[in-house]
Amino acid sequence: LKMHCETPKMHQYIKPNEEMKMLDLGSGYGTWSFEFADKVQLVHAVDYTESMVDLGRVRAVKENIHNIQFFVSSVQDYSSHVCYDLVLLSGVCLYLNDNDIFMMLKHMKDYTKKGTILVLRDSTSIQERYVINKEYSERLGTMYSATYRTREEYIELFKTIGFELLKDEDMFDEGSPLNKHKETRLRIYCFRRK
């Protein structure tokens with residue numbers, strides 16, 4: 001249900017073309033990288049977890065997809081000599097503290113250019129910043145920390161490196177069973193670097 005609802009919206013926000021160089025930060029095993037790979041020139045997929053990256057590499061070989069390269073790195077440490085046309089930042093920012101976010105933005109300024117599109121897909125606090133600090137999650141079966149920033153915080157953060165908001169909205173309609181928490185909503189944002 002989640003992918004059924006998210007995929008059309010991701011296609012509304014990501015407008016690929018065959019010249020596009022795409023960066024998928026926090027790619028996991030490449031769900032969105034594979035979704036757009038046949039529509040762009042190249043995809044660099046970056047994830048901190050080596051086992052996820054390995055799964056993506058195996059799938060790329062199995063499906064004979066040659067334009068995705070996987071990298072093991074944290075998003076805050078990732079740097080590149082490539083200037084990307086599109087950066088997808090999906091489900092990552094809530095796991096980054098403020099220092100990590102600023103490190104990521106510092107590098108992002110170097111691998112983006114005027115006109116680069118940034119699509120942010122992340123859980124967003126509805127009212128004010130909402131922080132979970134080392135609480136046990138039944139669903140994850142482990143301790144869990146997260147920082148849910150507000151829409152306004154995200155707009156201000158990306159403005160610091162020259163990105164302006166073009167559009168944004170909740171990923172799921174009001175009343176959807178996928179809106180599981182009263183404090184947060186999964187949102188999608190589209191920014192462009194000025």
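The values are calculated or read from the model by the stated rules, or taken from the named source; none is laboratory data. Note that the coordinates shown come from a computational prediction; the quantities given were computed from them, not determined experimentally. Because the Cβ atoms are built from the backbone with ideal geometry, glycine has one as well, and the counts that use them run over all protein chains shown. All accessible areas refer to the heavy atoms of the entire protein, side chains included, with ligands and DNA or RNA removed. Shrake-Rupley method; radii C 1.70, N 1.55, O 1.52, S 1.80 Å.
Can you compute the FRET efficiency between residue 126 and residue 17 using 1/(1 + (r/R0)^6), with r the Cβ-Cβ distance and R0 = 35 Å? Round to the nearest 0.05.
For R0 = 35 Å, the calculated efficiency reads 0.50.
Going by the alpha-carbon gyration tensor, a ≥ b ≥ c the square roots of its eigenvalues, is the stretch 1-65 rounded (a/c under 1.5) or, if a/c is not under 1.5, prolate (a/b greater than b/c) versus oblate?
oblate
Quote the relative contact order of the chain in percent (integer), defining contacts as alpha-carbon pairs under 8 Å separated by 6+ residues. If you can, show how the numbers build up before the last one.
On the way: 373 pairs, mean separation 37.1, N = 194.
Here the relative contact order equals 19 percent.
Tell me the label-point distance for the pair residue 69, residue 4, using the 7 Å Cα-to-Cβ offset, in nm and rounded to one decimal.
Computed distance between label sites residue 69 and residue 4 equals 3.8 nm.
Would you look at the GNM of the chain, springs on alpha carbons closer than 10 Å, and say which of 100, 85, 173 moves the most?
Of the options given, 173 has the highest mean-square fluctuation.
Does the chain classify as rounded, prolate or oblate by the C-alpha gyration tensor (a ≥ b ≥ c root eigenvalues; a/c under 1.5 gives rounded; else a/b over b/c gives prolate, otherwise oblate)?
Since a/c stays below 1.5, the shape of the chain is classed as rounded.
Restricted to Cα positions, what overall size does the stretch 57-162 have along the principal axes? Three whole-Å values, descending.
That works out to 40, 36, 21 Å along the principal axes.
Leaving out ligands, DNA and RNA but keeping every protein chain, what accessible area does residue 66 have, in Å² rounded to the nearest 10, with a 1.4 Å probe?
Number for this one is 150 Å².
Fully extended, how many nm does the chain gain between residue 59 and residue 81 (0.36 nm per residue separation, minus their Cα-Cα distance)?
Length gained, residue 59 through residue 81: 5.4 nm.
Between 46, 72, 87, find the one with the highest GNM mean-square fluctuation for the chain; connect C-alpha pairs within less than 10 Å.
Maximum among the listed residues: 72.
First measure r as the distance between the Cβ atoms of residue 41 and residue 136, then evaluate 1/(1 + (r/R0)^6) with R0 = 41 Å and state the FRET efficiency to the nearest 0.05. Spell out each step's value before the answer.
Numbers: r = 44 Å, r/R0 = 1.07.
Computed FRET efficiency for residue 41 and residue 136 comes out at 0.40.
Need one number: nm distance between label points at residue 144 and residue 192, each 7 Å from Cα along Cα→Cβ, rounded to one decimal.
3.7 nm
For the stretch 111-174, what is the convex hull volume of its Cα atoms per residue in Å³? Spell out each step's value before the answer.
On the way: hull volume 8.8 nm³, N = 64.
Roughly 137 Å³ of hull volume per residue.
Just how far, in whole angstrom, is the stretch 62-101 from the stretch 24-45 if you go by their alpha carbon centroids?
10 Å
Suppose every K and R has +1 on its Cβ and every D and E has -1 on its Cβ; what is the size of the dipole of the chain about the Cα centre, in Debye to the nearest 20? Could the numbers behind the result be given before it?
Details: 27 positive and 29 negative charges, 68 e Å.
Roughly 320 debye, rounded to the nearest 20.
Determine, for each peptide in 156-168, 116-128, 12-24, the mean count of other beta carbons within 10 angstrom over its residues, then list the peptides with the highest first.
Per-residue mean Cβ counts within 10 Å order the peptides as 116-128, 12-24, 156-168.
Which is farthest toward the positive dipole end of the stretch 47-136 among 82, 125, 104, measuring Cα position about the Cα centre, with Cβ charges +1 (Lys, Arg) and -1 (Asp, Glu)?
82
Report, by chain and number, residues whose modeled amide H sits under 5 Å from the one on residue 169, excluding near sequence neighbours (fewer than 5 apart, same chain).
Correct list: 188.
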